[in-house]
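The values are calculated or read from the model by the stated rules, or taken from the named source; none is laboratory data. This is a predicted model, so every value here is computed, not measured. With ideal geometry, Cβ positions are generated from the backbone for all residues, glycine too; neighbour counts draw on all protein chains shown.
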């Protein structure tokens, strides 16, 4: 019996173990013996009843006992952005810095078969041509990649349980979404693949589909987000260098001494207390940066819908992020022109009758969206410590430093703790460190 069947068996045995004297391990052995001694129909009837009356009635922890790992190859970045939104899915994402022209792009059939099919393909291909020109001229790959569109193919490994995979599928089918068809198809295929080895977990009678029962995630492909519109209108103009602190709250019981005990003394009880300190930010960032930020799963985030950001860029032309290395280079003008060409391609595809959800794949990673981020006190130390490290990509490093500055400004007790990871850990965890931690020790 393979591991995926075992995963489902764990769910059923665990559910029964909540109401029986026997342990779930003993019940699991009984179920395996029952399956050997009875027909598949009889076994399935038994398992169906358990799943219908547990997972199917909203007891999500039953589905949490399952475990599925997917290796996805050559899927567009528009798909991986969606996969990374739910906070209880886990990922190992191929860096866009490893993108190669040979991998190419995904092109929706509606576009490929349209009057703009060839021109759209050429426009996207030029992004890779410019990517090659810039990297060969010394522009870092992490900066040259910004012009690659969301249709760029990539790889990702994703791990999740039945509860969160059911959530992911329901998100795609929601009437409040404008989901690219390729996103829906890939996720549906993931569910179908998991279902081949799991007879009941994803069946309609077993899976719970009550949206309020899931921990909500940010929605990049939402049709609208009225709260985000209001937040951006009220606070966007106040943002210094793209980041504004919206609010904070720290219980006076958290002191400099308790911080010292938690961080320097490694007292986990004190570290757990830091989860009750709160800092709330509104940050403007490129889609490339957002892809990294949304994988920081312990940050609570809400994102501006991509369609709102696209319309803002088309209306005012102010949603392009340009890395400093390109800003200072001879490629600055060509970079800006290619960003505009891709955005214009989107507009012309929509004018031709292509749905926005299919045209959105031509949008480049340089498009800027607003991200509403909540971090707790532990995030302020650990997660920001990771993101302010020199090994982190420059844009998200700058966002993290600005967040760190604001935290230290409004909560001085955090001064000295909101630092790169080498300072916090007392040692550099990277293979080839930059020496920042050692320099700070000498001061």
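Quick look at the values:
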read-out	value
Single match in 110, 102 (criterion: exposed (fewer than 14 other Cβ atoms within 10 Å of the Cβ) and over 21 Å from the mean Cα position of the chain (by Cα))	102
Any hit, segment 245-264, residues being buried (at least 18 other Cβ atoms within 10 Å of the Cβ) and within 23 Å of the chain's Cα centre (by Cα)	yes
Lone unmet requirement of (1) farther than 22 Å from residue 183 by Cβ; (2) modelled with pLDDT of 95 or more; (3) in a helix (DSSP H, G or I) for residue 82	(1)
Inter-residue pairs, beta-carbon under 7 Å, first over 30 Å from residue 304 (Cβ atoms) and in segment 262-283, second assigned to a loop (DSSP other than H, G, I, E, B), 6+ apart	263/417; 273/254
Condition check for residue 374: assigned to a strand (DSSP E or B) and closer than 26 Å to residue 269 by Cα	yes
Qualifying residue in segment 35-45 (condition: assigned to a helix (DSSP H, G or I), out of contact with any helix residue (DSSP H, G or I) (no Cβ under 8 Å at 6 or more places or on another chain) and either crowded, with 16+ Cβ neighbours inside 10 Å or in contact (Cβ under 8 Å) with a residue 24 or more places away in the chain (or both))	yes
Test result for residue 274, buried (at least 17 other Cβ atoms within 10 Å of the Cβ) and in a loop (DSSP other than H, G, I, E, B)	no
Candidates 283, 233 - the one that is surrounded by fewer than 22 Cβ atoms within 10 Å (Cβ to Cβ) and either within 24 Å of the chain's Cα centre (by Cα) or at pLDDT 95 or above (or both)	233
